[in-house]
1. Counting only residues that are outside any strand (DSSP E or B) and open to solvent by less than 40 Å² (accessible area, probe 1.4 Å), which one in the range 265-282 is nearest to LEU224 (Cα to Cα)?
2. Select from the range 300-341 the residues that are basic (Lys, Arg) and open to solvent by less than 60 Å² (accessible area, probe 1.4 Å) and list them in ascending order.
3. Under 9 Å between Cβ atoms, at least 6 apart or on separate chains: pull out the pairs that start in the range 342-370 with a residue that is buried (at least 16 other Cβ atoms within 10 Å of the Cβ) and hydroxyl-bearing (Ser, Thr, Tyr) and end on any residue that is modelled with pLDDT of 95 or more and outside any strand (DSSP E or B).
4. Has the range 179-188 got at least one residue that is open to solvent by 10 Å² or more (accessible area, probe 1.4 Å), closer than 19 Å to ALA232 by Cα, assigned to a strand (DSSP E or B) and in contact (Cβ under 8 Å) with a residue 40 or more places away in the chain?
5. Can you go through ILE292, ILE286, ILE261 and tell me which one is touching a residue at least 40 places away in the same chain (Cβ under 8 Å), farther than 18 Å from TYR199 by Cβ, among the β-branched types (Val, Ile, Thr) and crowded, with 22+ Cβ neighbours inside 10 Å?
6. Need a quick list: strands (runs of 3 or more DSSP E) entirely within the range 366-409 having at least 3 residues that are more than 17 Å from VAL77 (Cβ to Cβ).
7. Going through the range 212-234 one residue at a time, which ones are modelled with pLDDT of 95 or more and either open to solvent by 20 Å² or more (accessible area, probe 1.4 Å) or more than 18 Å from the chain's Cα centre (by Cα) (or both)?
8. Determine which member of the set ALA210, ALA222 is within 26 Å of ASN137 (Cβ to Cβ) and part of a loop (DSSP other than H, G, I, E, B).
Amino acid sequence: MGISRRAFLAAIPAALAITLLYVYENYSEVLCLTGKCPPSTSTARTAASATATPSTTQTASSTTVTASGASAGRGLVLPASLPGTISFNGGVVLSDGAIAFQLTPGQTGDYAVLLEDGVLRTLPEDAVITPNRDYSNITGSQIVNGLYFFGGGEEAPAPWSPCAVPCAPYISVYDGSALKILKIPSGSCDNMNFTGVAYDGELYYAFGGANAGSETGGTGVAVLGPDLSIRAMNGLSFYDDAGNFLNMYRSGPKQYRSGRIYTLAYNGGKLFLESIKLPIPNAGRICFQQNIAPRFEALVATDFNASAIPVLAEDLSVAYFNGSEVVHKAADGEVLERVKVPNPQGNVYIKVVNGVLVVANQDGCVFRVLAPVQKEFRGLGFVDWRGYAAVFASCSLSSGTPVELAPLL
């Protein structure tokens, strides 16, 4: 959800904020969608399912798509027409029968949409999609420890954030069999719109992202236990220890290395590599907190363009858009690859999957995969962290449109 759109939501009376904060600090942090969480034998699935309550899980699919597997989806077809088009944030391929994507239903506004086995619904709660309304979104995604995290912010039914009613940040977690929703109390849609998550072998560190104009504090971080319960919450300063101002909305994946979490941040055309030392102290809340100053690590680029989400890969290489091409740089700054973008005004999607750069560009009604192979599809699409292109085979999101899941690696 747009940062400026949230500014007025943050201006609520202090007394109400304190009252709501008390309520939400005593509210269960982990919510699922509907149904009962199924049993699981894998470590990752057990961790993701441990906090589910008997009536709060929606089963997505038991078959996980892998990058090397061949799949055209289990006959994925849009069951109803959708207004607008796919947003620049793209989406995720959860299985051969389930995808989620961000829809822009008109000239403005966003909806996070789940298409699962022929059923279409919005996330985190079901809602009627209305053109030019900003309801929810998908501002970031990442696969960590076998779990697929994605999320953003919402204007949905309570529970709401105590600092920006009726806004609440959410994170979806898919473990290969069930999709669960975590709502972050004391976070808002301008400091906890999900960007990425780091994993240190025990805890998950879920980050939001704030830009200049945030009225509920800097970027937020929620520390999650193995069962995905919230262990700590805090906020990052807008400035690093070198005095650089940090924008972190849509700042991409996070990576853990030797007691530090690494992230990208930006200011105008400057793209920075920053780090945060663990452990993260618990402030008990995120709103209005700016307690942690990241450490400046490197100036990655001076030609960064924020219209595409940059990628910090596991090896700390960085892939970003400069307005005309996607540049992939090694951790030491060496340029590994440059990929020319034919339509810089169209959506540009960047991923690094198992060290391989994946780039795609929406060029009118043609979806062009530019790397690691060159492919063209008629329709609207995105690429995801499993190395797939998901393409709606039509120039509009009309009822009956088939969805192709094409492996690129």
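1. Within the range 265-282, the subset outside any strand (DSSP E or B) is 268-269, 278-282.
Next cut, open to solvent by less than 40 Å² (accessible area, probe 1.4 Å) only: 269, 278, 280.
Numbers: GLY269: 33, LEU278: 14, ILE280: 11 Å.
It comes out as ILE280.
2. Applying the first criterion (basic (Lys, Arg)) to the range 300-341 yields 329, 338, 340.
Result: LYS329, single match.
3. TYR349/ALA308; TYR349/ILE309; TYR349/ASP384
4. Restricting attention to the range 179-188, the residues satisfying the condition of being open to solvent by 10 Å² or more (accessible area, probe 1.4 Å) are 183, 185.
Still in the list and also closer than 19 Å to ALA232 by Cα: 183, 185.
With the extra rule that they be assigned to a strand (DSSP E or B), the set shrinks to 183.
If we keep only those that are in contact (Cβ under 8 Å) with a residue 40 or more places away in the chain as well, we get 183.
Yes, the range 179-188 contains at least one residue that is open to solvent by 10 Å² or more (accessible area, probe 1.4 Å), closer than 19 Å to ALA232 by Cα, assigned to a strand (DSSP E or B) and in contact (Cβ under 8 Å) with a residue 40 or more places away in the chain.
5. Values: ILE292 fails: crowded, with 22+ Cβ neighbours inside 10 Å; ILE261 fails: farther than 18 Å from TYR199 by Cβ.
The match here is ILE286.
6. Values: elements: 366-371, 375-378, 380-383, 388-392, 403-407.
It comes to 366-371.
7. Of all residues in the range 212-234, those modelled with pLDDT of 95 or more come to 219-234.
Hits for the range 212-234 are GLY225, PRO226, ASP227, SER229, ILE230, ARG231, ALA232, MET233, ASN234.
8. Working: ALA222 fails: part of a loop (DSSP other than H, G, I, E, B).
Going through ALA210, ALA222 in turn, the sole match is ALA210.
The values are calculated or read from the model by the stated rules, or taken from the named source; none is laboratory data. This structure is a prediction, so every number in the text was calculated from the model and none was measured. Cβ coordinates were reconstructed from backbone atoms using ideal geometry, including for glycine residues, and neighbour counts include every protein chain displayed. Heads up: the accessible areas ignore ligands, DNA and RNA and are worked out on the full protein's heavy atoms, side chains in. Shrake-Rupley method; radii C 1.70, N 1.55, O 1.52, S 1.80 Å.
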